[in-house]
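The values are calculated or read from the model by the stated rules, or taken from the named source; none is laboratory data. In this text the structure is predicted, and so the values were computed from the model without any measurement. Cβ sites come from the backbone with ideal geometry, for glycine too, and all protein chains shown count toward neighbours. Surface accessibility is based on the protein's heavy atoms, side chains included, excluding ligands, DNA and RNA. Shrake-Rupley method; radii C 1.70, N 1.55, O 1.52, S 1.80 Å.
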Amino acid sequence: MCGIIGYVGGRPCRELILTGLERLEYRGYDSAGFALLAETGGVVEAVRAVGNLSQLRTAAGLNAGSSATSGVGHTRWATHGRVTTENAHPHTSADGSVLVVMNGIIENYVELRSELQDLGVVFRSDTDTEVIPQMIAREYRGDLAAAVREVLPRLGGHFAFVAAHVDEPDRLVASRRECPLVLGIGDGERFIASAIPAFLRETREVMLIEDDEVISVEAGSHTVWRGDLEIGPRPPQRVDWDEDAAEKGGYETFMLKEIHEQPAALWDTIGDRLKPDGSVELIGLGLDDAALARVERIHVVACGTSYHAGLVGRYLIEDWARVPVHVEVASEYRYRTCLAGPGDLVIGITQSGETADTLAAMRVARERGAHVVALTNIMGSQATRDSDGVLYTRAGLEIGVAATKTHTAQIMALSLFALKLGRLKWALTSAGALDLADELRRVPDVVEAYLESSAPEEVMATAATYADRAFFLYLGRHVGVPVCFEGALKLKEISYIPTEAYPAGEMKHGPIALLEEGSPVVVVATDGHVFDKVVSNIQEVRARGARVIAVATEGNEEIESHADEVLWAPRTPALLSPIAAVIPLQIFAYGLARSRGLNVDQPRNLAKTVTVE
Ligand code: AGP
């Protein structure tokens, strides 16, 4: 959460910083700020505002520091201190000499703050961040990097920050611990930011900063220390990301664009991994085939939408490979007695690769000797560093806070993994594996045909008629359970309408009491061996006066006689239906939220990456 950026170079940087912050806005958007340094020293412009980047632009006007060639910026998702201008970044030392923007949490800030207050230091915000500029100012003896190196060991928690000093306007100093920070290397200029999109239009040469390194950045050079030891230069990596990924490309929102990018995300995730003979090559798991074949137990840890993908993965792996899978939300797993150990495989699913709870759960399992694989969408993310192996989704950059294409790509990656394991375990025959491989290859095509048909428009039109409803119940069975969980999460996070999601068989054990005349109930009723059972559940809710919105497989003629509305899903085999069935539910949530006039890309109180516990 929170996006940070710093620039030092030969160009006026006001617009570079503001544009960079706009590219990072998915990380947090409750307040923002920037500060520019004058070449001769001092701050030439500093603006902070509550609200998103457009409000910062309004507050800043067309102004002032437009010739400055160094500065820092921040977009915030509040953790410590309410959303106010005083708590927005950059934060400064009491004497105004040091400016800091930070992402993350300083866990021992209460202790540090009271130590400083005992020394007479006056604080102006309620944030944890403010201790950093205050401490740096006290350590400063004419060398900002030296002062940061003094302060760093005293900071607890996980964070990334960029510091500037008014007497050294041509230099920024930054550090990180378990929060992302990347250097962008241009011709006579340097960017330092939370994520590559912040400067992707300006340079593709990047260097990842490692935990507890301190980096001093000047226009034409950078220097890295670990402790007091200066370490040699690391060669930059070149990123080949599509810079349009950070643009809406003609769609009204990022979320809608990303819904429509699902066929590409699915194709790319399959890529060259699925071979003509039905075998699957997954390079990077950190386990060879013989070791993978010996795995007897799998744990999956994840949060939110990634957790729902993990629940789908359990059905696939248990069915195709006959290996027991335990799936748990990471925030619970990390605090339970961990029974994973040597010989077990733990898969941490996190599209961002940054979710604090998932990283912590992976760490717990790794300490116990389990082999930990990160299933993530972001190369070089923290999850890839905290694991023994990596399985990448190839969904491209996802900016909408509500995950869509990364979710279906996660399910595809898990399908590939399950197919591979099924073959290694001899749970699938080669003919069976070949059939499944063909079916997997067809999924992106049927999804593409669906998205190009009139179906999405029909789902949106149906959704609009439900825009005034106060509550939705979601039901499903078997693989329909994680689909209804995910559909309900999508609706609540972007429309703010309360939802409950239950396995349909559990309905009569409590949730049925919620129903009254006209209550909307979304039922995942795709084709499969539990279809008739789901129809019985539909009868039960209709008998209580509920209105049923069924998600059904294209071509199923029976469903229309049972449901008040049908949201069609493209036809796939039952076990792959979670990819097909979740898409109409994404569109349903989207249509409903848009007809309520809401900003689906930036829902209230949320952020794309949750780097705090
Ligand atoms: C998805 O729509 C949500 N924004 C959220 O639940 C998300 O899936 C969760 O925070 C996990 O994120 P991750 O995949 O980056 O770890």
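Worth pointing out:
- With the charge dipole of segment 13-81 set up from +1 on Lys and Arg Cβ and -1 on Asp and Glu Cβ about the Cα centre, the Cα lying farthest toward the positive end among the listed residues 53, 34, 72 is that of 53.
- Counting only heavy atoms of the protein chains and using a 1.4 Å probe, residue 303 has close to 40 Å² of accessible surface.
- Over segment 285-334, the fraction of Cα-Cα pairs per 5 Å bin, rounded to whole percents and listed from the shortest bin up, is 5, 21, 24, 23, 18, 8, 1.
- Descending semi-axes in Å of segment 293-373, equivalent ellipsoid built from Cα gyration tensor: 18, 16, 10
- Compactness ratio for the chain: Cα radius of gyration over 2.2 N^0.38 Å (N = residue count) comes to 1.01.
- Accessible surface, per residue, of the chain when the full set of protein chains is kept, probe 1.4 Å, Å²: 37 Å²
- For the chain, adding -39500 (n - 2.57) for each run of n ≥ 4 DSSP H residues and dividing by the number of residues yields -10500 deg cm²/dmol at 222 nm.
- Residues with amide H under 5 Å from that of residue 476, placed H, sequence gap 5 or more: 502, 504, 524
- Apolar share of the accessible surface for the chain: 49 percent from carbon plus sulfur atoms, 1.4 Å probe.
- Compared with the direct C-alpha span, the chain from residue 289 to residue 118 gains 55.6 nm at full extension, assuming 0.36 nm per residue.
- Taking the Cα centre of segment 268-372 as reference, the dipole from Cβ charges on Lys and Arg (+1) and Asp and Glu (-1) amounts to some 340 debye.
- The spacing between segment 577-613 and segment 172-199, judged by their C-alpha centroids, is 29 Å.
- Each Lys or Arg adds one and each Asp or Glu takes one away; over the other residues whose Cβ falls under 12 Å from the Cβ of residue 391, this sums to +1.
- Once C-alpha pairs closer than 8 Å and six or more residues apart are averaged by separation and normalised to the residue number of the chain, the relative contact order reads 12 percent.
- Kirkwood estimate for segment 331-431, i.e. one over the average of 1/r between Cα atoms, Å: 14.4 Å
- The DSSP beta bridges internal to the chain are antiparallel in roughly 60% of cases.
- Annotation: amide H-H contacts under 5 Å for residue 186 (H modelled 1.01 Å from N, sequence separation of 5 or more, or interchain): 191.
- With Cα atoms defining each centre, segment 242-299 and segment 398-469 are spaced 11 Å apart in the structure.
- Check: the chain dipole with +1 on Lys, Arg Cβ and -1 on Asp, Glu Cβ, in debye: 660 debye
- Projecting the Cα atoms of 471, 443, 427 onto the charge dipole of segment 425-477 (Cβ charges, centred on the Cα centre) puts 427 farthest toward the positive pole.
- Taking every DSSP beta bridge that has both ends in segment 424-566, the antiparallel portion is near 0%.
- Taking GluC sites (Glu not before Pro) across segment 466-504, none is in a DSSP loop with at most 13 further Cβ atoms lying within 10 angstrom of its Cβ.
- Positive-end residue, the chain charge dipole about Cα centroid, Cβ charges, pick of 214, 501, 13: 501
- By the compact-protein rule of thumb, 2.2 N^0.38 Å, the alpha-carbon radius of gyration of segment 264-407 corresponds to a ratio of 0.99.
- Kirkwood hydrodynamic radius computed over segment 495-613 comes to 15.7 Å, based on all pairs of distinct alpha carbons.
- Summed residue charge, Cβ within 14 Å of residue 495's Cβ, Lys/Arg positive, Asp/Glu negative: +3
- Measuring nothing but how far apart in sequence close Cα pairs (under 8 Å, 6+ apart) lie, relative to its length, segment 536-613 scores a relative contact order of 19 percent.
- Over 26 Å between alpha carbons, listed pairs 248/275; 248/492; 248/608: 248/275
- Dipole check for segment 479-602: with +1 at the C-beta of Lys and Arg, -1 at the C-beta of Asp and Glu, and the Cα centre as origin, the magnitude is about 280 Debye.
- Segment 1-138, relative contact order in percent, only Cα pairs under 8 angstrom and at least six apart counted: 27 percent
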